[in-house]
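A short write-up of the structure that comes next.
The values are calculated or read from the model by the stated rules, or taken from the named source; none is laboratory data. Small disclaimer: the values here were computed from a predicted structure and weren't measured. Neighbour counts are summed over all protein chains in view; Cβ atoms, including those assigned to glycine, are modelled from backbone coordinates with ideal geometry.
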Amino acid sequence: MVSMRSTPFDSFHPGDPVEAALVNLARAGVKGSPSNVRKVANQLIRRVPEGISDAEAFRIALHDAISVVPGNELLMSGESLPMEAGGAGPLVDVDLSPDGSGLVLPPKVQAELDEIVLERKRDSLLALRGMTPSHSALLSGPPGVGKTLASRWVAEQVDLPLVSLDLAAVLSSYLGTSGRNIRDVLDFAKSTPCVLLLDEFDALAKARDDDSDVGELKRIVNVLLVELDRWESRSFLIAATNHAQLLDPAIGRRFDRIINFPLPGLRERELLIADKATGAVDTAIILAIAEITEGSSPSDLTRLIERAGRRSILYEAPFERVLLTELISASPASGKKRDVIWERLHREFGLSLRAIADLAGVSHPTVSQAIRRIEK
Ligand SMILES: Nc1ncnc2c1ncn2[C@@H]1O[C@H](COP(=O)(O)OP(=O)(O)O)[C@@H](O)[C@H]1O
Ligand SMILES: [Mg+2]
């Protein structure tokens, strides 16, 4: 039993883990610290004290008790958001209802994201075995392949707001304050269930010109590493980078998952084009476009298609025709699929050989030979 004490104490380490947990819970409760309450509860879930009659039922009950996500009032008030020094505004961007629709990824990449979501949806199953869902992922890949969009998708699927911090922007300010800013954002994300996106993560690895800056940068990196190692929060942490090779391998290892986003393959380009097209496009032509756009990012493709959509409305021209003319003037591709597109523009949309040659920046005979080849 706990004996009555007349003086307050800061640490209490009795032999009995139930007593210790009760005391620590009381302390966290009085301080109004949900993250500490969760921490104590998680310790109990991992090591159910002896004497509890039904350990499995206890784990589930405790897990459910701490799984309640507080309302979004905290986020909506704006007040509790971590702010830039000098009150210039909030440090983070908060998206309360993230929309990840339209995401197209190679099956292997999508499977990783699906598993992150599944772990969260089945977390009581994991808790039964004393396990918690993974809590962090490093997304790497060239610009415009969907790292940010995938973060929105994950947040939407797990039903949490997306809180984004642009590390490049934070670090471009005076480093003395960026260290504290980053700590504030991490503290915020720990206490408010969310998906935290640390964008431009490689900014941490960029060399600074000043020796004192290098020291401060190291301290910031250390803060992050320590947080990654003992993240108890329900929040999920995503770091995104276009330059994974710049990162110290020690940083990469701290993440539960490292997910590489490649440029889209033929199949993904086909799906993207079909999905984004705002007007009718012949199926064979979609495939042809997919073939000649090898090396394009989803972001490039999206922009191309959206521009065509706007132009087709402004000039009252068929969407497919506009898209194809945009395409042949933008990409210097060669090969059979390019010829298919020329032929289509000529036969279906009545563009002259001269017009096609001008758009594509090739000679008139090149176009007529290509079209004859297709017609054979
Ligand atoms: N994999 C993808 N599937 C569908 N659309 C994509 C994909 N990747 C990029 N896009 C389009 O390009 C835009 C920018 O992509 P973004 O997610 O910001 O790329 P990244 O963060 O990798 O630089 C997205 O808003 C979306 O319209
Ligand atoms: Mg991005």
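Exactly one residue out of R234, R219 is in a loop (DSSP other than H, G, I, E, B), more than 16 Å from ligand 2 (Cβ to nearest atom) and either outside the structural domain of L91 (by TED's automatic domain parsing) or modelled with pLDDT under 90 (or both): that is R234.
Residue-wise test of (1) away from ligand 1 (no atom under 16 Å from the Cβ); (2) in a loop (DSSP other than H, G, I, E, B); (3) loosely packed, with under 15 Cβ neighbours inside 10 Å.
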position: A250; (1), (2), (3): yes, no, yes
position: F255; (1), (2), (3): yes, yes, no
position: I259; (1), (2), (3): no, no, no
position: L263; (1), (2), (3): no, yes, no
position: L271; (1), (2), (3): no, no, no
position: A274; (1), (2), (3): no, no, no
position: G279; (1), (2), (3): yes, yes, no
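Among the residues in the stretch 171-194, are any closer than 22 Å to A244 by Cα, touching an Asp or Glu at 6+ places or on another chain (Cβ under 9 Å), within 16 Å of ligand 1 (Cβ to nearest atom) and at pLDDT 85 or above? No - not one qualifying residue is present in the stretch 171-194.
Exactly one of (1) away from ligand 2 (no atom under 16 Å from the Cβ); (2) closer than 27 Å to V154 by Cα; (3) small (G, A, S) is unmet by S297. Its number? Failing condition for S297: (1). For the stretch 130-154, the tally of residues that are within 29 Å of R46 (Cβ to Cβ), away from ligand 2 (no atom under 11 Å from the Cβ) and either among the polar types (S, T, N, Q) or part of a helix (DSSP H, G or I) (or both) stands at 4. Comparison of P142, P107, P98 shows that the only residue that is touching a residue at least 24 places away in the same chain (Cβ under 8 Å), more than 17 Å from C194 (Cβ to Cβ) and of a type outside the set (A, V, I, L, M) is P142. Condition test on I273, is it free of Cβ contacts under 8 Å to residues at least 40 places away in the same chain and β-branched (V, I, T)? Yes; evaluated as a whole, the condition is true for this residue. When restricted to residues that are farther than 25 Å from L160 by Cβ, within 16 Å of ligand 2 (Cβ to nearest atom) and modelled with pLDDT of 90 or more, the stretch 243-273 contains 3. Scan the stretch 296-347 for residues that are within 26 Å of F261 (Cα to Cα), at pLDDT below 90 and part of a loop (DSSP other than H, G, I, E, B) and the total you get is 3. Just one of (1) away from ligand 2 (no atom under 16 Å from the Cβ); (2) β-branched (V, I, T); (3) surrounded by 15 or more Cβ atoms within 10 Å (Cβ to Cβ) fails for V226. It is (3).
When the stretch 155-175 is filtered for residues that are among the charged types (D, E, K, R) and part of a loop (DSSP other than H, G, I, E, B), only D159 remains. Considered as a group, the residues in the stretch 125-155 that are at pLDDT below 95, farther than 27 Å from I220 by Cβ and not aliphatic (A, V, I, L, M) include one that is surrounded by the fewest Cβ atoms within 10 Å (Cβ to Cβ), and that residue is R129.
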